[in-house]
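Take a look at the structure set out below.
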Amino acid sequence: MTSLSLPRQQPLHQLFHLMIIFAVLGPTFGVPLGGFKMTFFRLVFLLLMAGVLIRWARQRNLGSSHMGPIRWQIAFFAFWVSYAIASLTWVENLGNGLKYTTFLVMMVLMCLFFPFFLKDVGSLKKTGRVLFGAFFIIVAFGLIEALTFWHLPASRYWQRDASNPTSFFTNQNDFATVLTLGLPFLITALYMLPLTRKTKIWIYITGIIALCDLFITGSRSNSGFALPLLVIGWLILIPLTVEKKDRHRKNVVKGLGLVLLAVLVTFLLLSSVLSQDTRDKLGSTLGIIQHLQSWNLPQDEGGSGEDDTMGKDQSVSIRKNLILHGLHFLRDSHYMGVGAGNIENYMKGASGVGSKVNMHNWWVEILVNFGVPIFLLYMSLYGWLLWRLFSLARVRESNRYLPRVIRWGATACLISLIGYFFGGMSPSTAIHFTPMWIVYGFSLAVVLLGERVRRSAEGGGSA
């Protein structure tokens, strides 16, 4: 597959896997260079880019001819980057625009590295194992963090006695979003992949720890909205993605027993770990709906964020006001967007948002930064990706040749991306939130491989 090597004979696919590991482990690992931190992810990413370019220069062949089935996604990414560059001509803050555009280019390329390198089922399995290993590390450390109150330097709680785990990320909301992105891969692997008993136990334990971490973070958008959406999507997909012969009473009872056991163990662990503040925060989740009934901007122009409409829960009001201000900025830009990375510049001093300047909502961030054209294209292709994943995941005659790992990947990616509708409202910004881009890239690789295997089977060839 990717046996082409760097000057020291290091295979490019190994460098690709190293990039994935550092991407998942977040901003923890890196070397500060003055006011800039060269993270290991950025370093390995640049090395990988250099290796790909060296191969292209030597062989005059990028080796991307197999990516035809996702050409519309690639075309959209190219248009998105071009639009971001063009928007630099009307931004208020060129520095922020250049920084944001750089992040966009890096994340798009990282995303496309997945279908670029994962050219066969074996490479998909290997990459899945790498991702699981990295996920296990961040999940295990998250629980240790909650028990010991020991945080990494990248955490917002560094050298503070806080029970909220952030793992290898800056804040607990980012960590919680990673957990809801990863949980579908664990749950579906237990019954869709031919794994050894030891591996299944390892995955099962990791899933329970991840659930505990999720609730300990206190992230209401993930635990109160994204998680239930994941569960609903999973339950709906079970009869559509599992063969009828495997849905007999014995397997159903066994599955229900494992689910109940996981819930019981999670409850017992949380009863001794969950702080009262986190309990109160999670208990107010339903109050978010009531909080969102009024969509009027506060009249305080000082930007303090302290108005009568907020009550005790300022977080929801601030996020609501961020959206309202963002939509006003969008209208003032004639619906073409304020330009790459310029929301923060407009949001400074806005009423009712406190010190927040990021949108804290990925969907609205795309809309306000890049306008209606990019937003509609992005959401259309997001829906297209969900449909392609569903077509590969479900049980039907045309999928009888698909390897189980492809159907597992399609099912897990589908549930994960559905849950991200709410999970994407948790991080302050997702432009450099690598776990989201990794799931998107993995999804594209699954679609690409599934289409190739299906066409090969229909043509009588081998995948």
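Please work out which residue is nearest to L112 (Cα to Cα), limiting yourself to segment 16-40 and to residues that are in a helix (DSSP H, G or I) and modelled with pLDDT under 90.
Just the residues of segment 16-40 that are in a helix (DSSP H, G or I), to begin with: 16-24, 26-28, 40.
This time we only want the ones that are modelled with pLDDT under 90, so: 24, 26-28, 40.
Working: V24: 16, G26: 19, P27: 21, T28: 24, F40: 19 Å.
The selected residue is V24.
Right, L402: in contact with a Leu (Cβ under 7 Å, 6 or more places away or on another chain), aliphatic (A, V, I, L, M) and crowded, with 24+ Cβ neighbours inside 10 Å or not?
Numbers: in contact with a Leu (Cβ under 7 Å, 6 or more places away or on another chain): yes; aliphatic (A, V, I, L, M): yes; crowded, with 24+ Cβ neighbours inside 10 Å: no.
No: the conditions fail for L402.
Which of the residues belonging to segment 36-69 are small (G, A, S) and farther than 28 Å from L385 by Cα? Please lay out each step first, then the result.
From segment 36-69, those small (G, A, S) are 50-51, 57, 63-65, 68; that's our starting set.
A50, G51, A57, listed by residue number.
For A75, which of the numbered conditions (1) assigned by the TED database to the domain that holds A445; (2) assigned to a helix (DSSP H, G or I) fails to hold?
(1)
So if I check each of V91, V81, which one is under 21 Å from V368 (Cα atoms), in contact (Cβ under 8 Å) with a residue 60 or more places away in the chain and hydrophobic (A, V, I, L, M, F, W, C)?
Values: V81 fails: in contact (Cβ under 8 Å) with a residue 60 or more places away in the chain.
Just a single option satisfies the conditions, and that option is V91.
Keeping to segment 374-399, report how many residues are more than 27 Å from R220 (Cα to Cα), open to solvent by less than 50 Å² (accessible area, probe 1.4 Å) and free of Cβ contacts under 8 Å to residues at least 24 places away in the same chain.
1
Considering each of R407, R454 in turn, give the residue that is surrounded by fewer than 21 Cβ atoms within 10 Å (Cβ to Cβ), in contact (Cβ under 8 Å) with a residue 12 or more places away in the chain, charged (D, E, K, R) and in the same structural domain as L112 (by the TED database).
One residue alone meets the criteria, R454.
Okay, residues lined up against (1) open to solvent by 10 Å² or more (accessible area, probe 1.4 Å); (2) of a type in the set (V, I, T); (3) modelled with pLDDT under 95:
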| position | (1), (2), (3) |
| --- | --- |
| I415 | no, yes, no |
| G424 | no, no, yes |
| A430 | no, no, yes |
| T434 | yes, yes, yes |
| Y440 | no, no, no |
| S443 | no, no, no |
| V447 | no, yes, no |
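Go through L62, L53, L46 for me and flag whichever is under 21 Å from I431 (Cα atoms) and not hydroxyl-bearing (S, T, Y). Reasoning before the result, please.
Numbers: L62 fails: under 21 Å from I431 (Cα atoms); L53 fails: under 21 Å from I431 (Cα atoms).
That would be L46, the only listed residue that is under 21 Å from I431 (Cα atoms) and not hydroxyl-bearing (S, T, Y).
Residue check, G133 against (1) assigned to a loop (DSSP other than H, G, I, E, B); (2) closer than 30 Å to Y401 by Cα, all met but one. Which one?
Against the list (1) assigned to a loop (DSSP other than H, G, I, E, B); (2) closer than 30 Å to Y401 by Cα, G133 comes up short only on (1).
Any chance you could count how many residues in segment 353-385 are β-branched (V, I, T) and out of contact with any Phe, Trp or Tyr (no Cβ under 7 Å at 6 or more places or on another chain)? Full working, then the answer.
First, the residues of segment 353-385 that are β-branched (V, I, T): 353, 357, 364, 366, 368, 372, 374.
Retained after the next criterion (residues that are out of contact with any Phe, Trp or Tyr (no Cβ under 7 Å at 6 or more places or on another chain)): 353, 357, 364.
Selection size over segment 353-385: 3.
Pairs please, first residue from segment 177-202 and surrounded by fewer than 24 Cβ atoms within 10 Å (Cβ to Cβ) and among the aromatic types (F, W, Y), second anywhere and in a loop (DSSP other than H, G, I, E, B) and at pLDDT below 95, Cβ atoms under 8 Å, 6+ apart in sequence or on different chains.
Short answer, once both residue conditions are applied: Y191/V242.
Taking L147 and the conditions (1) surrounded by 15 or more Cβ atoms within 10 Å (Cβ to Cβ); (2) in contact (Cβ under 8 Å) with a residue 24 or more places away in the chain; (3) among the hydrophobic types (A, V, I, L, M, F, W, C), which numbered condition does it fall short on, given that it satisfies the others?
Among (1) surrounded by 15 or more Cβ atoms within 10 Å (Cβ to Cβ); (2) in contact (Cβ under 8 Å) with a residue 24 or more places away in the chain; (3) among the hydrophobic types (A, V, I, L, M, F, W, C), the lone unmet condition for L147 is (1).
Does S3 satisfy the condition of being among the polar types (S, T, N, Q), at pLDDT below 85 and open to solvent by less than 70 Å² (accessible area, probe 1.4 Å)?
Working: among the polar types (S, T, N, Q): yes; at pLDDT below 85: yes; open to solvent by less than 70 Å² (accessible area, probe 1.4 Å): no.
Against the criterion (among the polar types (S, T, N, Q), at pLDDT below 85 and open to solvent by less than 70 Å² (accessible area, probe 1.4 Å)), S3 does not qualify.
Under 8 Å between Cβ atoms, at least 6 apart or on separate chains: pull out the pairs that start in segment 60-75 with a residue that is open to solvent by less than 90 Å² (accessible area, probe 1.4 Å) and end on any residue that is outside any helix (DSSP H, G or I).
Hits for this filter: G63/L4; H66/K119.
Looking at G371, is it in contact with a Gly (Cβ under 6 Å, 6 or more places away or on another chain), surrounded by fewer than 19 Cβ atoms within 10 Å (Cβ to Cβ) and assigned by the TED database to the domain that holds E92?
Taking the combined requirement at face value, the residue does not satisfy it.
Kindly provide the set of residues from segment 210-261 that are of a type in the set (D, E, K, R) and crowded, with 16+ Cβ neighbours inside 10 Å, ordered by number.
So in segment 210-261, the residues of a type in the set (D, E, K, R) come out as 213, 220, 243-247, 249-250, 254.
Passing the criteria: D213, R220.
The values are calculated or read from the model by the stated rules, or taken from the named source; none is laboratory data. Keep in mind the model is a prediction, meaning the values are calculated, not measured. As a convention, Cβ positions derive from the backbone with ideal geometry for all residues, glycine included, and neighbour counts pool all protein chains shown. Calculation scope for accessible area: heavy atoms of the full protein, side chains included, ligands and nucleic acids excluded. Shrake-Rupley method; radii C 1.70, N 1.55, O 1.52, S 1.80 Å.
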